[in-house]
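Beneath this line is the structure, given in structure tokens, with notes to follow.
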Amino acid sequence: MQQQRRQPELVEGNLPVFVFPTELIFYADDQSTHKQVLTLYNPYEFALKFKVLCTTPNKYVVVDAAGAVKPQCCVDIVIRHRDVRSCHYDVIDKFRLQVSEQSQRKALGRKEIIATLLPSAREQRKEVEEKRIKEHLTESVFLEQILCQTENRTVSSGPSLLTVFLGIVCVAALMLPTLGEVESLVPLYFHLSVNQKLVAAYVLGLITMVILRI
């Protein structure tokens, strides 16, 4: 007699949960960020039911905190921050997304999502921009040291290949479009920022000084 195959029983808590994003960042001065969307994906061949839990439920409103998602489909879960106050700045809250089969109660999988309220989106962007400027300055100092070493080695033999190559790269960088230019045939990933072009112009000036001294 042929035995009927049975699907292996899923172990509680071991089912991978696919959700994006895994971190929610709210900005107090930007109301558009007070509403965030979590997307739950179900890549499996069976339906899942889900439930959203939170460590501080009084601070958030979760639209459709419980529901179901069909096989190989996804569902959006809207989360709103309703208590935007300075005392909650930089406090890390956690959401837990639990999933299970529709015919069972035990949680087959769970995923934690971190939520943080920050005071200002502008300050965050400013910090990122300052970090980029410092990185560009560090690169320019490093290139300046290389150029000085090259100058000492090539006092009578003319400019080295490295100096010429760096000069060509800087000229090419200055000729590339700047970020924000729409009418350009050059691909977007070749567009440079103003800071990058300033670094290229600075290095090109150093190269010019080295060549003139030789």
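For region 68-91, give me each residue that is at positive phi and either basic (Lys, Arg) or open to solvent by less than 80 Å² (accessible area, probe 1.4 Å) (or both). Result: no residue meets the conditions. Number of residues in region 30-53 that are under 28 Å from Leu117 (Cβ atoms) and either more than 24 Å from the chain's Cα centre (by Cα) or not assigned by the TED database to the domain that holds Leu108 (or both) equals 4.
Under 22 Å from the mean Cα position of the chain (by Cα), open to solvent by 60 Å² or more (accessible area, probe 1.4 Å) and modelled with pLDDT of 95 or more: does that describe Lys94? Against the criterion (under 22 Å from the mean Cα position of the chain (by Cα), open to solvent by 60 Å² or more (accessible area, probe 1.4 Å) and modelled with pLDDT of 95 or more), Lys94 qualifies. Scanning region 15-65 for residues that are in a strand (DSSP E or B) and open to solvent by 70 Å² or more (accessible area, probe 1.4 Å) returns Phe18, Phe20, Glu23, Lys35, Tyr41, Lys51. Pairs linking a residue in region 17-31 that is more than 30 Å from Glu45 (Cα to Cα) to a residue that is polar (S, T, N, Q) and part of a helix (DSSP H, G or I), with Cβ atoms under 6 Å and 6 or more positions apart or on different chains, are Phe26/Thr33; Tyr27/Thr33. Pairs linking a residue in region 95-107 that is closer than 20 Å to Gln72 by Cβ to a residue that is of a type in the set (Val, Ile, Thr) and modelled with pLDDT of 95 or more, with Cβ atoms under 6 Å and 6 or more positions apart or on different chains, are Leu97/Val52. Can we say Ala115 is in contact with a strand residue (DSSP E or B) (Cβ under 7 Å, 6 or more places away or on another chain), buried (at least 17 other Cβ atoms within 10 Å of the Cβ), in the same structural domain as Met209 (by the TED database) and at pLDDT 65 or above? No; evaluated as a whole, the condition is false for this residue.
The values are calculated or read from the model by the stated rules, or taken from the named source; none is laboratory data. The structure displayed is predicted, hence computed values, not measured ones. In this analysis, Cβ positions are derived from the backbone assuming ideal geometry, glycine residues included, and neighbour counts consider all displayed protein chains. The area values use the complete protein model at the heavy-atom level, side chains included, leaving out ligands, DNA and RNA. Shrake-Rupley method; radii C 1.70, N 1.55, O 1.52, S 1.80 Å.
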